[in-house]
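A.B. asks: Pasting a structure here, questions to come.
The values are calculated or read from the model by the stated rules, or taken from the named source; none is laboratory data. Every value quoted in this text rests on a predicted model; they were computed, and no experiment measured them. Protein only, heavy atoms only, side chains kept; ligands, DNA and RNA dropped before computing areas. Shrake-Rupley method; radii C 1.70, N 1.55, O 1.52, S 1.80 Å.
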Amino acid sequence: MAKGKVSKTVGSLGEYLREQRTSAQLSLRQLAEQAGVSNPYLSQIERGLRKPSAEVLQQLAKALRISAEQLYLRAGIVSPDDGVGGSVELAILGDTALTERQKQSLLDVYQSFLAINEPPTDS
């Protein structure tokens, strides 16, 4: 795997998280502690080197007092076309009976179905 940024989506997520953290007047260390993640891991997310799980995004949103859905959108977990509140992804992410691994597996399968059913583009 190539070193560097994970993806543009994750990079913009990191920038957004940094903006939210500085707006909340929190240091990297303070936010990491409040969200229950390590300081180096949060730093890697902010720099676009790591893609956080939905669970970590939820913890960060809670610590920053912002919408978890906004972070899911920025991370590319939820598509803006899905509409907030009615999407399959949000239902999966909000299901407390599922483990984080089960949620991620369901999201992966759902995304693969969407990709298969996507109409071909004329290029």
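A.B. asks: By how many nm would the segment from S67 to L98 lengthen if fully extended, with 0.36 nm per residue of separation less the alpha-carbon distance? All intermediate terms of the calculation are to be shown ahead of the outcome.
C.D. replies: Numbers: separation 31, 0.36 × 31 = 11.16 nm, distance 2.07 nm.
The S67-L98 span can extend by a further 9.1 nm.
A.B. asks: Another one. Above 18 angstrom, tally the Cα pairs of the stretch 34-123 and express them as a % of all pairs, no decimals. Don't skip to the answer; put the middle values down first.
C.D. replies: Details: 1988 of 4005 pairs.
When every Cα pair of the stretch 34-123 is considered, 50 percent fall beyond 18 Å.
A.B. asks: Under a 1.4 angstrom probe, counting protein chains only, how are I116, I45, I77 ranked by accessible area, largest first?
C.D. replies: Values: I116 125, I45 0, I77 20 Å².
If we order I116, I45, I77 from most to least accessible, we get I116, I77, I45.
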